[in-house]
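The values are calculated or read from the model by the stated rules, or taken from the named source; none is laboratory data. Model, not experiment: these values are computed from the prediction. For neighbour counting, all protein chains shown are included, and Cβ atoms are generated from backbone atoms with ideal geometry for every residue, glycine included.
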Amino acid sequence: MVFNSLEFLIFSLLFFILWPIFKTRDNPRWIFITIASLIFYGSWDWRFLFLIIGSGILDFFCGLAISKLPRSRKFFLLISIAGNIGCLSIFKYSVFFAGILDEISLYGGYPLTLSNNIPEFALILPVGISFYTFQSLSYTIDIYKRKLEPVKNIFHFFSYLVMFPQLVAGPIIRARDLIFQLSKVKIVSQPEKWNAIKQIIIGLFQKVVIADNLSFFVDSAFEGKTAYSGSFFWWVVIIAFAFQIYCDFSGYSLIARGIAKYMGYHFKMNFNHPYLARSFKDFWSRWHISLSTWFRDYIYIPLGGNKRGLFMTLFLITFTMVLSGLWHGANYTFLAWGALHAVFLISEKVINTHFNTFIIWKPLRVFFVFMLVCSAWVFFRAESIPQSGEILYYLYNFSISDIGFIFFYINNLIFLILALLIEIIIYATQKSRMSWHRKNYPDLILIPLAILSIVFLRGEGQQFIYFQF
Amino acid sequence: MTIGLITIVGGLFLKWTMPPPLKNLSAENFFWSEKAHSKEKFNLLIIGDSRIYRGISAKIVIENIPGYSAKNLGFSSTGFNPDYFNFVDDRLDQESLIPIIIMGITPHSLTPNALKNSHYFELANYKWNKKAKDLYINKYMRFLDPYKPIEIFNLLISDKREDGYYQDYNNDGWVKSFTIPENADSALPSYLRVFDNNTVKREDIAICLKKVNEWKEEGIQIFGFRPPTTKAMESIEDSLSNLNFPDFKLEFEKHGGIWMEFPDENFRSYDGSHLHYESAIRFSKLIGERIKQKINSPKKD
């Protein structure tokens, strides 16, 4: 069930009606969160439950073994990694890798037909598998690094792993952040509850008003259902996609944070106005923060980070970004997207290394970074590398567009203008925002407007984009 | 509490001042779920793709044909294949008077892409919660149907209805449709591409005709026709689809169907493909008259 559905509204109402009964005592609290979350997850497809429960049981016992059996610590860590990455490989990447091997074998003169022999169960992609496997890995890895003690109660562990607000599309919560919170009873104050509700409302606004209204325009363009073309048209399309994916994902994360906050748990921010970034490094500290920090802490830094010389640093940046692209999807387009961001980061690092600071007017830097990020989004959204190439060609060949598309899609583009205006206002009021933000009167206008927009200006229901990961 | 009150008052004010939205989302969801999932049977069924569900009112067809109940079972991009035929069989009341099936055959409805019946299967595969919501809850949620921004703007500053696609969902399976403004060429560009790697195959025609024959042998009267559309559209379809309509007509009748022609009736299309609702009403009456004639005097057309 998606967050913006009647089923979820009923589910969450029931959850919060029963929550006060269970929240004050450890075991009942953990069991209640676990069962409710498994019901939530099972509503997508009950078959997925076996995988997440099996994966969770494996990591729970691996965590205990890593802590209790010092001589076999590495072994059990490898078991956990193999189990999680193995599941991800089978259910997410088997078709992709089989296709690559088939192509290689064909060139080598010994054709294989692995793609046609993949078992049927491996063709179903369990919702949220990329998120919960990373979340589970952070548990066993942190125990191995002695940053965390394993929990003794399996429901305590499962309440961390499967907690429904973040289960299917993040944010990826580190074990050491949430497990400690789950062991305490927190009394949620009225202002905190109100802030939680506001986060949920803003998240829903981003998702159903902005993202869902932009989707029709973006999908029409990428699926070839429109006769319009040209540079201006495609720039508008890709900027619309940039805001669609941002508002879709950020909206989901905000709703998840708001629900968790209402329960008494704090999830860290996952998006921090990424399109206001002044550099690509800054962009990656603002976009999908939970994932980028996961890759930083568990891939980039353990492999050496920036401590092993410039060449190794550049290689590790490339490796990490390509892996990040692969995490998003089993397609060459996602690899290309990751690689392109690696090029941006490396170029920025080299320029900064040799020219110290690149002094440039800040709004221009924001604009420059935004345009290049949008160019990379082409690969993320396109179905294939050839389609990506075709669209990039239109973006940069300055061909003429029939601006009639503005009038044809005016009901969608109004929401792009709204999204841009919101970001511009936030950028312009960054320093003063914190002072009026604390006052209540903006809420009296903005929150009712947001709610009325969610009801009367909502786009046609689209699934959250990141559910496919 | 204050914010809640402001929201409720704001919402009530909006609904009080505004007419219903252009797109009746809850009615649309009910319409499609009911069409795909209802078990109700009828002894006259009208089947085909969007030119059928937008072009024929089942209720008007049977206005002067006593003893018949009718439903339009058209879906978007319907293909005439066994899956669709099974669905039609399940909805046909074969116990009563001579059952009738009226097939609106477009070239597209015999193409491989149409034969996937994506729209029908999307609806048929709805989970129980989606069906329940559409069929039982949506009717109470109509006041929450969303608006388009320009719609609100136009209605606030004047009574003028905005440009757009108007669709009225009827219980008989007909979608009364028109656009403001009309553009009798707007559908043509997409039809120039729709037959790319997607032309009609002989074996698929054979499957369709075989079913016509089976129905005929079960005592069902089968009527077929090419849904009226613009000359430009017909020209595109004839040249690109690989379907020879004169040959198809002959085969249709050989397999027991009755072919109906509607030449030069001057029908009006709002997009170059689908009938404007005024023409759809006229066309439905014509079909009704033809069917009535055939039932009363069963000679060929």
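Quick one: in the range B:17-31, of everything that is within 13 Å of chain A (Cβ to nearest Cβ) and hydrophobic (A, V, I, L, M, F, W, C), which residue is surrounded by the fewest Cβ atoms within 10 Å (Cβ to Cβ)? Looking at residues that are within 13 Å of chain A (Cβ to nearest Cβ) and hydrophobic (A, V, I, L, M, F, W, C), I get B:Met18. Of the numbered criteria (1) touching a residue at least 12 places away in the same chain (Cβ under 8 Å); (2) among the hydrophobic types (A, V, I, L, M, F, W, C); (3) over 30 Å from A:Met321 (Cα atoms); (4) surrounded by fewer than 18 Cβ atoms within 10 Å (Cβ to Cβ), the one A:Ile299 fails is (3). Scanning the range B:208-238 for residues that are in contact with a helix residue (DSSP H, G or I) (Cβ under 7 Å, 6 or more places away or on another chain) and hydrophobic (A, V, I, L, M, F, W, C) yields B:Cys208, B:Leu209, B:Val212, B:Ile222, B:Phe223, B:Ala232, B:Met233, B:Ile236.
Yes/no matrix, rows are residues, columns are (1) assigned to a strand (DSSP E or B); (2) not charged (D, E, K, R):
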{"residue": "B:Trp32", "(1), (2)": "no, yes"}
{"residue": "B:Lys35", "(1), (2)": "no, no"}
{"residue": "B:Lys39", "(1), (2)": "no, no"}
{"residue": "B:Ile46", "(1), (2)": "yes, yes"}
{"residue": "B:Ile52", "(1), (2)": "no, yes"}
{"residue": "B:Ile60", "(1), (2)": "no, yes"}
{"residue": "B:Glu63", "(1), (2)": "no, no"}
{"residue": "B:Gly67", "(1), (2)": "no, yes"}
{"residue": "B:Lys71", "(1), (2)": "yes, no"}
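Residues in the range A:14-49 that are free of Cβ contacts under 8 Å to residues at least 40 places away in the same chain and β-branched (Val, Ile, Thr): A:Ile17, A:Ile21, A:Ile35, A:Ile39. Consider only pairs whose beta carbons are under 7 Å apart and that are at least six residues apart or on different chains; among these, list those whose first residue lies in the range B:73-91 and is on the phi < 0 side of the Ramachandran plot and whose second residue is assigned to a helix (DSSP H, G or I) and of a type in the set (Lys, Arg). Sorted first by the residue in the range B:73-91, then by its partner, the pairs are B:Leu73/B:Lys35; B:Leu73/B:Arg91; B:Phe85/B:Lys211.
This table checks each residue for (1) buried (at least 16 other Cβ atoms within 10 Å of the Cβ); (2) within 14 Å of chain A (Cβ to nearest Cβ); (3) of a type in the set (Asp, Glu).
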site: B:Tyr191; (1), (2), (3): yes, yes, no
site: B:Val194; (1), (2), (3): yes, yes, no
site: B:Cys208; (1), (2), (3): yes, no, no
site: B:Glu218; (1), (2), (3): no, no, yes
site: B:Thr229; (1), (2), (3): yes, no, no
site: B:Glu234; (1), (2), (3): no, no, yes
site: B:Asp238; (1), (2), (3): no, no, yes
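Conditions (1) within 19 Å of B:Lys35 (Cα to Cα); (2) of a type outside the set (Val, Ile, Thr); (3) at pLDDT 95 or above, marked per residue:
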position	(1), (2), (3)
B:Asn64	no, yes, no
B:Gly67	no, yes, no
B:Phe75	yes, yes, yes
B:Asn81	yes, yes, no
B:Tyr84	yes, yes, yes
B:Phe87	yes, yes, yes
B:Leu97	no, yes, no
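Of all residues in the range B:127-182, exactly one satisfies the criterion of being small (Gly, Ala, Ser), surrounded by 13 or more Cβ atoms within 10 Å (Cβ to Cβ) and at pLDDT below 85, namely B:Gly164. Restricting the range A:47-81 to residues that are surrounded by fewer than 20 Cβ atoms within 10 Å (Cβ to Cβ) and either within 23 Å of the chain's Cα centre (by Cα) or of a type in the set (Val, Ile, Thr) (or both) leaves a set whose member that is farthest from A:Val162 (Cα to Cα) is A:Ile79. Number of residues in the range A:179-225 that are among the small types (Gly, Ala, Ser) and more than 21 Å from the chain's Cα centre (by Cα) equals 5.
Take the residues in the range A:388-409 that are within 29 Å of the chain's Cα centre (by Cα) and without any contact (Cβ under 8 Å) to a residue 40 or more places away in the chain, then tell me which one is surrounded by the fewest Cβ atoms within 10 Å (Cβ to Cβ). Ranking the qualifying residues of the range A:388-409, first place goes to A:Tyr393.
Just for the range A:227-249: of the residues that are outside any loop (DSSP other than H, G, I, E, B) and among the polar types (S, T, N, Q), which one is farthest from A:Ile400 (Cα to Cα)? Looking at the filtered set, the residue picked out is A:Gln244. If you check A:Leu413, A:Leu449 for being part of a helix (DSSP H, G or I), farther than 20 Å from A:Trp235 by Cβ and at pLDDT 90 or above, only one passes: A:Leu449. For the range A:189-226, the set of residues classified as touching a residue at least 40 places away in the same chain (Cβ under 8 Å) and outside any helix (DSSP H, G or I) consists of A:Thr226 only.
Results for (1) within 30 Å of A:Ser80 (Cβ to Cβ); (2) among the aromatic types (Phe, Trp, Tyr); (3) within 13 Å of another protein chain (Cβ to nearest Cβ); (4) in contact with a Gly (Cβ under 7 Å, 6 or more places away or on another chain), shown as yes or no for each residue.
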position	(1), (2), (3), (4)
A:Glu7	no, no, yes, no
A:Ser12	no, no, no, no
A:Pro20	no, no, no, no
A:Pro28	yes, no, no, no
A:Ile35	yes, no, no, no
A:Tyr41	yes, yes, no, no
A:Trp46	yes, yes, yes, no
A:Gly54	yes, no, no, no
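Exactly one residue out of A:Leu326, A:Leu316, A:Leu291 is farther than 22 Å from A:Asp142 by Cα and either in a helix (DSSP H, G or I) or among the hydrophobic types (A, V, I, L, M, F, W, C) (or both), and it is A:Leu326. In the condition set (1) in a helix (DSSP H, G or I); (2) out of contact with any Pro (no Cβ under 7 Å at 6 or more places or on another chain), A:Lys186 is compliant with all but (1). Within the range A:86-135, being in a loop (DSSP other than H, G, I, E, B), loosely packed, with under 15 Cβ neighbours inside 10 Å and out of contact with any Ser or Thr (no Cβ under 6 Å at 6 or more places or on another chain) holds for A:Gly109, A:Tyr110, A:Thr113, A:Pro119, A:Ile124.
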